[in-house]
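K.L.:
The structure that follows is given in the form of structure tokens.
The values are calculated or read from the model by the stated rules, or taken from the named source; none is laboratory data. Remember, it's a predicted structure, so these values are computed and weren't measured experimentally. When we count neighbours, we look across all protein chains shown, and the Cβ atoms used for this are built from the backbone with ideal geometry, even at glycine. Note: accessible area is taken over every heavy atom of the protein model, side chains too, but ligands, DNA and RNA are not part of it. Shrake-Rupley method; radii C 1.70, N 1.55, O 1.52, S 1.80 Å.
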Amino acid sequence: MPQHAPTPRVCRDCDGHASAMVTTGARTLDGSRVLVRVDCPACQGTGHHAPAAGLVRAGR
Ligand SMILES: [Zn+2]
């Protein structure tokens with residue numbers, strides 16, 4: 001069991017599911033539901049963690 005696998009750069013807030021389709025409860029004229037796409041605010045809908053510049057080098 002590889003315990004030292006590289007950390008996946010997946011956003012912790014949304015676990016990679018950066019965009020969620022939320023139904024508003026309203027219906028369009030043709031009867032389909034109105035969906036609003038909501039992007040994760042932490043990663044702006046990318047699903048990935050943007051590597052913080054400088055943080056990696058700050059060794060202890
Ligand atoms: Zn996210």
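K.L.:
Could you grab the pairs with beta carbons closer than 9 Å, sequence gap of 6+ or different chains, first residue in the range 7-31 and in contact (Cβ under 8 Å) with a residue 24 or more places away in the chain, second one within 15 Å of the ligand (Cβ to nearest atom) and of a type in the set (D, E, K, R)?
P.N.:
Listed by first residue and then by second, the contacts come to CYS14/ASP39; ALA18/ASP39; SER19/ARG37; SER19/ASP39.
K.L.:
Let me ask something additional. So which residues in the range 23-46 are open to solvent by 90 Å² or more (accessible area, probe 1.4 Å), in a loop (DSSP other than H, G, I, E, B) and not acidic (Asp, Glu)?
P.N.:
Scanning the range 23-46 gives LEU29, PRO41, GLN44.
K.L.:
So which residues in the range 27-46 are farther than 20 Å from HIS17 by Cα and acidic (Asp, Glu)?
P.N.:
Matches in the range 27-46: ASP30 only.
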